[in-house]
1. Given the structure, is GLN136 open to solvent by less than 30 Å² (accessible area, probe 1.4 Å) and not in a helix (DSSP H, G or I)?
2. Do we find that VAL212 is open to solvent by 20 Å² or more (accessible area, probe 1.4 Å), out of contact with any strand residue (DSSP E or B) (no Cβ under 6 Å at 6 or more places or on another chain), among the β-branched types (Val, Ile, Thr) and not in a loop (DSSP other than H, G, I, E, B) in this structure?
3. Across segment 118-133, what is the number of residues that are in a helix (DSSP H, G or I) and open to solvent by less than 60 Å² (accessible area, probe 1.4 Å)?
4. If LYS104 satisfies every condition in (1) among the basic types (Lys, Arg); (2) part of a helix (DSSP H, G or I); (3) in contact (Cβ under 8 Å) with a residue 24 or more places away in the chain but one, which is the exception?
5. Report, by residue number, each residue of segment 55-103 that is of a type in the set (Phe, Trp, Tyr) and either crowded, with 16+ Cβ neighbours inside 10 Å or within 15 Å of the chain's Cα centre (by Cα) (or both).
6. For residues in segment 6-29 being charged (D, E, K, R) and in a loop (DSSP other than H, G, I, E, B), which is least open to solvent (accessible area, probe 1.4 Å)?
7. Which numbered condition in (1) open to solvent by less than 40 Å² (accessible area, probe 1.4 Å); (2) of a type outside the set (A, V, I, L, M, F, W, C); (3) not in a helix (DSSP H, G or I) is the only one that SER109 fails?
8. Sort out which residues of segment 30-50 are surrounded by 11 or more Cβ atoms within 10 Å (Cβ to Cβ) and free of Cβ contacts under 8 Å to residues at least 24 places away in the same chain, and write them in order of number.
Amino acid sequence: MSKYQTIKRLFEEKADADKAEAMAAYMKNHFRFYGIQTPERKAIIKEFLKTEKKQKTVDWAFLDACWADEHREFQYVVKDYLVAMKKWLRFDDITRIEAYVRSKQWWDSIDFLDTIIGYIGLEDKRVDELMLAWAQDENFWVRRLAINHQRGRKNLTDTDLLEKILVLNFGSDEFFINKAIGWALRDYSKSNRDWVADFVARYAEKLAPLSVREASKYL
């Protein structure tokens, strides 16, 4: 039995129809669920991830199988796995990750794939140019990822890159873009309040009201 099949069997054993219905409703019924919430999911795969980390190599066949599964918990397994294995990710792996970025899109997947790619970018500056390109992609989810890929970097944030990406996305009427702009600024304001305050002041006329509200939360 493959690793994927083993986890699938465990998930099936823990399935909860009522929770599954509620979880699907929360995600606007875009995806099916087993009804396994985050603490339980992490407990189920905890030992598996410990074993995988000892291998020090990413099993993309396993991840592809998980991503292909119709249950959303398996996309979350991809998240857990990539976080656990992130020190072994390289720039060339982004081609594989991009397949996940461009399929089964919703905020819950984009908002963990962004920081995975951002982590790779801390070690490889080629990610900067890629994110500038993605910031202009026709797909707004891809643009959202570019906007927020530096989230959590704190004092390691490249402010020149952040500003370029945000400016490229001014004028959007897409909720998830304007929310992302505000979120990126809000997150960085925890580390550099003055920079964010200055940014909001300089671009006040171009920022969407939603972006300003989000960005100003800690100012």
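The values are calculated or read from the model by the stated rules, or taken from the named source; none is laboratory data. This is a predicted model, so every value here is computed, not measured. Neighbour counts are summed over all protein chains in view; Cβ atoms, including those assigned to glycine, are modelled from backbone coordinates with ideal geometry. Just so you know, the surface numbers come from the protein's heavy atoms only, side chains and all, with ligands and any DNA or RNA stripped out. Shrake-Rupley method; radii C 1.70, N 1.55, O 1.52, S 1.80 Å.
1. Considered against the rule, which asks whether it is open to solvent by less than 30 Å² (accessible area, probe 1.4 Å) and not in a helix (DSSP H, G or I), GLN136 comes out as no.
2. Details: open to solvent by 20 Å² or more (accessible area, probe 1.4 Å): yes; out of contact with any strand residue (DSSP E or B) (no Cβ under 6 Å at 6 or more places or on another chain): yes; among the β-branched types (Val, Ile, Thr): yes; not in a loop (DSSP other than H, G, I, E, B): yes.
Yes: the conditions hold for VAL212.
3. Total meeting the criteria: 9.
4. For LYS104, the failing item is (2).
5. Within segment 55-103, PHE62, TRP67, PHE74, TYR76, TYR81, TYR100 qualify.
6. So in segment 6-29, the residues charged (D, E, K, R) come out as 8-9, 12-14, 16, 18-19, 21, 28.
Cutting the leftovers down to in a loop (DSSP other than H, G, I, E, B) gives us 16, 28.
Numbers: ASP16: 52, LYS28: 137 Å².
Selected residue: ASP16.
7. Status for SER109: all satisfied but (3).
8. GLY35, GLN37, ALA43, LYS46
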